[in-house]
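Notes for the one structure printed next.
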Amino acid sequence: MYSGSRAASKYSNAVVGQQLRIGLRWAFNRRPLSIHPGDELLNNTRGRSTKSNASRLFVDVPSLCPVVKVQHVKRGIPKAAESHDGEQSSRHVAQQSSETSESTSRRLYYRDILGIALPTMLALSVEPLSSLVSTAFVGHVGAAELAGVGVALSVYNSFTKLFNMPLLAIITSSIASSRSGSSKEDEGSAIGRSIFLAVFVGLVQSIVLAAFGTFGLTLYGAGEFFTPASTYLRIRTLGNAVTVLFVSLLGIFRGLGDGVSPLIATICFTCASIGFEYLFLFQFHMGTGGAALAVLMAQMFACFVAVAKLCTRVSLGNSMASLFSRSSLSSSLESLKMTGVLMIRTLCISSVYAIATAIVTRSGAMTAAAHQIAFQIWLASSLLADSLAVAAQSLIARYIGSDIGSERMVARTSLQLSVILGICLTCFLSVSSLFSPLRLFTSDVMVLDTLRGIFPVIIASQTLNSLAFVLDGILYGVPGGFVYAAKAMFVSAGPSIMVMLGGYYYCTTYALDSMCVLQSVWCGLLTLMVMRMLTIMVPLLRSNPPFHIFED
């Protein structure tokens with residue numbers, strides 16, 4: 001008892017000293033109170049934090065040590081006025097502490113989002129390099145080979161991306177959700193199920209491509225390029241499961257909040273693809289078959305690197321052990337169902353892009369060329385916003401149900417960053433347009449003149465694009481977001497197609513020039529982005545489903 005009373009007396013004296021020191025600072029300086037690091041230690045002695053008790057600095061002394069009386073430090077002012085100023089100062093301390101805490105939290109959210117977004121942005125930038133180098137290598141082999149690879153890739157991508165992009169989004173959300181405390185499935189089981197699902201989907205795709213690939217080449221007009229095209233498509237079909245596995249591994253790392261590992265795997269794939277393709281095309285002279293085999297071996301190498309990185313975080317043996325349990329099979333079926341739902345969304349947006357291409361193609365080669373350049377610039381800038389969307393999806397899916405309020409802060413911070421990114425892209429494209437950067441894409445004067453006519457539209461749409469992409473990422477992170485995304489895209493695609501077809505009908509009826517047709521097409525694309533943004537932003541602001549979980 002003696003030691004306990006001595007400790008209590010020591011604690012009371014320390015608190016009294018703290019209060020007197022704070023009172024003296026206020027009395028002599030007559031400025032708002034500030035808490036020093038030493039004061040926080042005293043308040044934490046009994047598990048209390050400075051932030052929560054900052055407004056009770058003068059009230060807690062009698063309750064903590066009722067025997068000791070703390071005298072007010074006076075400086076020639078009335079006691080009532082002193083008490084009033086003391087209360088105001090205490091409130092200011094609380095407000096100052098709250099603002100500091102909020103500022104610190106905001107910095108942490110910025111760090112988490114950019115920690116995923118920046119490596120993802122680099123990975124998305126590196127990935128197209130392998131396609132560009134492959135095109136250059138095959139082009140040096142021969143024109144027929146280059147045309148055959150182009151047709152084969154059109155058939156292959158048209159079918160596989162219809163499944164792979166939705167699967168990537170679903171795996172990202174499922175892995176991130178498994179990391180929250182409210183998830184019924186642990187992280188290891190979710191990873192094992194995702195890998196199994198990717199291999200299963202890849203094998204099904206291979207069977208369908210093997211059965212209907214030849215018909216697809218004929219439908220796309222392979223003609224005299226049929227032999228090199230079929231050779232390339234056949235080898236890519238055999239290794240399609242590896243392709244889907246590589247995509248799923250990227251989604252797993254995104255769900256884990258790891259943006260660096262996908263970047264490393266993507267760089268490994270790009271470098272290996274370039275090396276294998278040079279070897280097979282120019283040393284072994286294997287033609288289009290060698291080009292396809294190079295891509296396949298590069299993906300296998302990248303998968304090996306990704307799996308090795310993954311094994312440092314989880315035990316894949318334990319992850320695959322519960323693969324065929326009833327709960328795991330039920331989750332796999334649910335993921336397949338959501339993949340089918342998102343396929344509707346992919347079909348809607350692909351239909352809009354296909355109709356836009358068909359309209360400008362009918363308006364002449366110059367118009368089609370200008371549209372293709374503008375569309376690629378538009379998509380390239382959208383990749384930057386897509387990296388923010390990936391970060392928002394991963395973090396929101398992780399925080400929902402486990403960290404109340406954090407999902408709102410992630411959504412708010414992501415939208416702020418999207419506006420900043422959009423403004424930066426607008427300024428960059430505006431300044432760069434003064435130095436004629438479009439000449440990097442073509443030297444044809446008529447194409448450049450046509451392109452300059454729609455380039456202001458591309459510049460003005462950057463902030464809108466950034467908001468639309470990040471809102472997609474926020475939507476993917478919430479429960480029920482995939483179903484709503486499919487419905488929202490279906491609603492958004494209709495007005496966009498109507499604007500493009502209506503503009504085309506008007507231009508052809510009144511015999512207007514091709515520039516009018518191109519402008520109507522881009523008005524339709526802008527309509528798509530506006531509708532994408534509104535169909536997500538309005539329920540988000542109103543906390544309507546599926547964003548009702550954001551409601552306080």
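The values are calculated or read from the model by the stated rules, or taken from the named source; none is laboratory data. Note that the coordinates shown come from a computational prediction; the quantities given were computed from them, not determined experimentally. Ideal geometry is used to build each Cβ from the backbone, glycine not excepted, and the neighbour counts take in all protein chains shown. With ligands, DNA and RNA removed, areas are computed over all heavy atoms of the protein, side chains included. Shrake-Rupley method; radii C 1.70, N 1.55, O 1.52, S 1.80 Å.
Values for this structure:
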{"item": "Residue, modelled with the highest pLDDT, within the stretch 511-525, restricted to residues that are open to solvent by 60 Å² or more (accessible area, probe 1.4 Å) and of a type outside the set (Asp, Glu)", "result": "Cys523"}
{"item": "Complete set of residues in the stretch 401-458 that are aliphatic (A, V, I, L, M) and open to solvent by 60 Å² or more (accessible area, probe 1.4 Å)", "result": "Ile404, Ile420, Ile423, Val431, Leu434, Leu440, Val445, Met446"}
{"item": "Residue satisfying all of: in the stretch 492-510; surrounded by 14 or more Cβ atoms within 10 Å (Cβ to Cβ) and among the hydrophobic types (A, V, I, L, M, F, W, C); farthest from Met338 (Cα to Cα) among these", "result": "Cys507"}
{"item": "Residue check for Gln372: closer than 24 Å to Gly503 by Cβ, in a helix (DSSP H, G or I) and either out of contact with any Phe, Trp or Tyr (no Cβ under 8 Å at 6 or more places or on another chain) or hydroxyl-bearing (Ser, Thr, Tyr) (or both)", "result": "yes"}
{"item": "Among (1) part of a helix (DSSP H, G or I); (2) touching a residue at least 12 places away in the same chain (Cβ under 8 Å), the one test that Lys487 misses", "result": "(2)"}
{"item": "From the options Arg408, Arg398, Arg439, residue that is touching a residue at least 24 places away in the same chain (Cβ under 8 Å), farther than 21 Å from Ala123 by Cβ and part of a helix (DSSP H, G or I)", "result": "Arg408"}
{"item": "Which listed residue, of Leu540, Leu534, Leu528, is open to solvent by 70 Å² or more (accessible area, probe 1.4 Å) and under 21 Å from the mean Cα position of the chain (by Cα)", "result": "Leu534"}
{"item": "Enumeration of residues in the stretch 225-238 that are touching a residue at least 60 places away in the same chain (Cβ under 8 Å) and surrounded by fewer than 16 Cβ atoms within 10 Å (Cβ to Cβ)", "result": "Thr227"}
{"item": "Which listed residue, of Ser433, Ser394, Ser466, Ser461, is closer than 19 Å to Pro539 by Cα and among the polar types (S, T, N, Q)", "result": "Ser466"}
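Rundown of residues vs (1) at pLDDT 95 or above; (2) within 14 Å of Ala152 (Cβ to Cβ); (3) surrounded by fewer than 21 Cβ atoms within 10 Å (Cβ to Cβ), yes/no style:
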site: Leu217; (1), (2), (3): no, yes, no
site: Gly223; (1), (2), (3): no, yes, yes
site: Gly255; (1), (2), (3): no, no, no
site: His285; (1), (2), (3): no, no, yes
